[in-house]
Amino acid sequence: MSVDPATLQEGVELPPLEVAPGLGQVIRYCGMAWAFPPFFYDAEAARAMGMPGTIVPGPLKLGIVYRAVHEWLGDAGWIRQVRTAHRRPDRTGRPITVVGQVARVYEEDGARRADLELLIINEEQQPSVRAFAVVEFF
Amino acid sequence: MVEESLLTEDVRAHIGKTADRGLARVTPQALLRASETYFGAPWEPAPAHGEPVPGIVVAALETESFGLEMPSVMPNSLLISNEWQFERQLRMGEELEVQARLADISERFGGRFGYSLYFRSEVEFREPGTDTVVARSSQTMMQYDAASAAGGGDEE
């Protein structure tokens, strides 16, 4: 899908993106980032650190928010900024949902842009991430 | 329980420190790794040389930066936030200088985790041979002492 920047208004909701990042996706992230904290892929190590099990890396959730914004934006523009504030851990393999809405539509530096406010919601319906994004339309 | 600031001059002296500059190139392989990681599939259609690429590619290019020495002041650490910022779209095939920098250190008294220190680091992507930043990936880590954490509530 793609949005129409000419008619876009504040309050428009993005389609929810539900994913369940599994161990395979977490290991792909670790390999790409060359970052291997054991609590991301080793349940015993995670429990030894007081966690209930392995958790989804925070930077992976940044990319998942990027994906939710991209899938809404389509070819109408590009993503200038995405920011995530991590509130609580998400367990590997558990469903999480990215939800969001348009907070502001404006002109800046000769371009039409929109600010988006987003959340990642866990299966207990608690926000695990607060996120913000800026998109620029073509 | 920490009641005095641990943000000493020695710790503050790390603010602004940079690692050596590295060099990265936006390649189909880097985009493939990022796309499969975040989207679970290759990026379609694959950008040709010189065409814009999605910002996620910076995640696969950050590894070309050299490591940054981070002071270890407190026993526990936690990721607080991440951010990608872009001044323009990156393009397939372009070369970028990458450099890590410790942008800021701040402290907080009280709260769910008790006394804590916040370390904001950035990896900047610049046009080679210039100081023109085209993208920035940043993160904030919190150091704290779990023995002093009160528990409950959200960390702001």
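Some points to look at:
- Any hit, segment B:23-36, residues being without any contact (Cβ under 8 Å) to a residue 12 or more places away in the chain, of a type in the set (D, E, K, R) and surrounded by fewer than 18 Cβ atoms within 10 Å (Cβ to Cβ): yes
- Exactly one residue out of B:Leu68, B:Leu117, B:Leu102, B:Leu78 is farther than 27 Å from A:Glu108 by Cβ and within 12 Å of chain A (Cβ to nearest Cβ): that is B:Leu78.
- Taking segment B:1-115 as the region of interest, the strands (runs of 3 or more DSSP E) fully inside it that hold 2 or more residues being within 29 Å of A:Tyr66 (Cβ to Cβ) and at pLDDT below 95 are B:76-86.
- Selection count, segment A:39-50, where residues are assigned to a helix (DSSP H, G or I) and either basic (Lys, Arg) or surrounded by 14 or more Cβ atoms within 10 Å (Cβ to Cβ) (or both): 6
- Selection of segment A:1-26 for residues being over 20 Å from B:Val58 (Cβ atoms) and within 12 Å of chain B (Cβ to nearest Cβ) yields A:Leu17, A:Val19, A:Ala20, A:Gly22, A:Gly24.
- Every condition in (1) at pLDDT 95 or above; (2) in contact with a helix residue (DSSP H, G or I) (Cβ under 9 Å, 6 or more places away or on another chain); (3) buried (at least 20 other Cβ atoms within 10 Å of the Cβ) is met by A:Pro16 except one, and the failing one is (3).
- Filter result for A:Gly53 (more than 14 Å from every other protein chain (Cβ to nearest Cβ) and not in a strand (DSSP E or B)): yes
- Segment B:105-114: number of residues that are crowded, with 17+ Cβ neighbours inside 10 Å and either within 14 Å of another protein chain (Cβ to nearest Cβ) or in contact with a Cys (Cβ under 8 Å, 6 or more places away or on another chain) (or both): 1
The values are calculated or read from the model by the stated rules, or taken from the named source; none is laboratory data. Values in this document were obtained by computation on a predicted structure and should not be read as measured data. In this analysis, Cβ positions are derived from the backbone assuming ideal geometry, glycine residues included, and neighbour counts consider all displayed protein chains.
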